[in-house]
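The values are calculated or read from the model by the stated rules, or taken from the named source; none is laboratory data. Note that the structure is predicted; figures quoted are calculated from it, not measured. Don't worry about glycine lacking a Cβ; one is built from the backbone with ideal geometry, like all the others, and counts go over all protein chains shown.
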Ligand SMILES: C[S@@+](CC[C@H](N)C(=O)[O-])C[C@H]1O[C@@H](n2cnc3c(N)ncnc32)[C@H](O)[C@@H]1O
């Protein structure tokens, strides 16, 4: 963790000119060191000299697939599938035409234990009847949902079970929420760190009854919906229509009526058509992909935000954006790392900015 903190602080100093003495370093957000990952993409490869099909993580730098028999990274119900999956794939006629499998786990109750699971099998040629039967029998034996993906992501269809909602769930017990997702959706992969990250973001935003929040890159409402229970209104923006639909579905299923969601590309230059003027929002949260959120800074600057919380999966783009935020009058007040992916070099972090303009305006 010290390495990740040092990297974050170095990027902020070198790329944004923000020295460590000028902001508070937050205690790291941590979680379990092992068996934490509830969603992953596994590569599949037929390697005859290794005795058949390998299904595992792609090795760093290169196209090799780890020869995984057990897994200390995946949550228990997914780790338990690794050996049976290999046996299943080895018995399939189409085994050479299956390049990857996505695995995802959900929770059946608020205890946080993963107990629902789904796999999505990418296949490059049509599957024969025997293969389909094997897959369905595997789904029954292991209590899984199985999806097939013959082409791009839009081609994903469920094979088993034949009816019922195509969803898994996770819980945010502190907020009384149960959120649904499709196995192909973007999902924060570490459930414990995600819950703690939501708590930290909520604390850093310091939401009050009359606050209005803009949640940029909101996904399925992972932050928007719990935060809506702490403020007057949340507007979530996201470019995937599927994810916006999921956020709306999750708001309705949880009886949340003070959150609205808009599908829009936040990287496009033209101004967004928001239902309310951006000046009416006094808090902003953003959680962009790796490339960051430089394009959204004019929107943030035009808003009425006096606090901005930035969740980042790339310290480099965070630092670049922090420099631009500073130029627009938002000073970095605190930052810290979140151990979403222990034992990897991947750095997730969170940073809180305050608007100098608003602070000056609020002085007596
Ligand atoms: C890191 S994820 C965060 C999702 C959500 N905040 C969460 O915690 O689950 C980034 C999200 O940004 C969305 N996204 C990617 N490019 C975008 C764009 N150009 N405009 C708006 N949203 C975008 C993705 O679909 C994804 O849901």
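Yes/no per residue for (1) assigned by TED's automatic domain parsing to the domain that holds residue 251; (2) out of contact with any helix residue (DSSP H, G or I) (no Cβ under 8 Å at 6 or more places or on another chain); (3) closer than 23 Å to residue 289 by Cα:
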position	(1), (2), (3)
103	no, no, yes
110	no, no, no
115	no, no, no
118	no, yes, no
154	no, yes, yes
163	no, yes, no
177	no, no, no
196	yes, yes, yes
>> Can you report the number of residues in the stretch 189-210 which are buried (at least 22 other Cβ atoms within 10 Å of the Cβ) and assigned to a loop (DSSP other than H, G, I, E, B)?
In response: 1
> Assuming residue 305 fulfils every condition listed in (1) at negative phi; (2) within 14 Å of the ligand (Cβ to nearest atom) apart from one, which condition is it?
Replying inline: (2)
>> Out of 213, 220, I need the residue that is within 14 Å of the ligand (Cβ to nearest atom), part of a loop (DSSP other than H, G, I, E, B) and either at positive phi or touching a strand residue (DSSP E or B) at 6+ places or on another chain (Cβ under 9 Å) (or both). Which one?
In response: 220
> How about the stretch 223-232: which of its residues are more than 12 Å from the ligand (Cβ to nearest atom) and part of a loop (DSSP other than H, G, I, E, B)?
Replying inline: 229, 230, 231, 232
> Can you tell me how many residues in the stretch 245-281 are within 21 Å of residue 176 (Cα to Cα) and touching a residue at least 12 places away in the same chain (Cβ under 8 Å)?
Replying inline: 13
> Just a yes or no: is a residue in the stretch 285-296 within 11 Å of the ligand (Cβ to nearest atom), assigned to a strand (DSSP E or B) and within 26 Å of residue 340 (Cβ to Cβ)?
Replying inline: yes
>> Being modelled with pLDDT of 95 or more, crowded, with 19+ Cβ neighbours inside 10 Å and assigned to a strand (DSSP E or B): is that true of residue 244 here?
In response: no
>> Tally up the residues in the stretch 312-331 that are surrounded by fewer than 24 Cβ atoms within 10 Å (Cβ to Cβ) and within 20 Å of residue 202 (Cβ to Cβ), please.
In response: 1
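Residues are listed down the side, and each one gets a yes or a no for (1) away from the ligand (no atom under 14 Å from the Cβ); (2) over 20 Å from residue 273 (Cβ atoms):
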| site | (1), (2) |
| --- | --- |
| 203 | yes, yes |
| 209 | yes, yes |
| 234 | no, no |
| 237 | no, no |
| 246 | no, yes |
| 252 | yes, yes |
